[in-house]
1. For region 23-59, enumerate the residues that are in a strand (DSSP E or B) and either of a type outside the set (Gly, Ala, Ser) or at pLDDT below 75 (or both).
2. Sort out which residues of region 10-37 are surrounded by 11 or more Cβ atoms within 10 Å (Cβ to Cβ) and within 12 Å of the chain's Cα centre (by Cα), and write them in order of number.
3. Take residue 2 and decide whether it is at pLDDT 80 or above and either part of a loop (DSSP other than H, G, I, E, B) or within 10 Å of the chain's Cα centre (by Cα) (or both).
4. For region 8-38, which positions are charged (D, E, K, R) and in contact (Cβ under 8 Å) with a residue 12 or more places away in the chain?
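The values are calculated or read from the model by the stated rules, or taken from the named source; none is laboratory data. Only a predicted model underlies this, so the values are computations on that prediction, with no experimental measurement involved. FYI the Cβ positions are ideal-geometry reconstructions off the backbone, even for glycines, and counts take in every protein chain you see.
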Amino acid sequence: MLSGRRVVHGMHSATLLLERWLGHGGNLPATLRCEFAQPISVGDEVDLTVEGADPTCLLASVHG
């Protein structure tokens with residue numbers, strides 16, 4: 001889907017997520033699987049929801 005705006009690359013989003021997760025005491029997950037359902041445009045504010053309690057698996061959703 002083309003948004004017509006500058007978007008944040010998915011890998012930048014994923015690494016920022018990991019940085020925030022680790023900064024709040026989370027463990028580095030054994031596996032990282034990313035699904036990008038919609039683009040995040042440069043300058044967008046997003047909310048991060050982390051689900052589950054398995055320290056080896058980080059399941060997160062980003063909502064704009």
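1. If we filter region 23-59 for residues that are in a strand (DSSP E or B), which is where we start, we get 41, 47-51, 59.
Correct list: 47, 48, 49, 50, 51, 59.
2. Residues of region 10-37 that are surrounded by 11 or more Cβ atoms within 10 Å (Cβ to Cβ), as a first pass: 10, 12-18, 20-22, 26-29, 32, 36.
Of everything in region 10-37, those that are surrounded by 11 or more Cβ atoms within 10 Å (Cβ to Cβ) and within 12 Å of the chain's Cα centre (by Cα) turn out to be 10, 12, 13, 14, 15, 16, 17, 18, 20, 21, 32, 36.
3. The answer is no for residue 2.
4. Step one: list which residues in region 8-38 are charged (D, E, K, R), which gives 19-20, 33, 35.
The one that is charged (D, E, K, R) and in contact (Cβ under 8 Å) with a residue 12 or more places away in the chain: 20.
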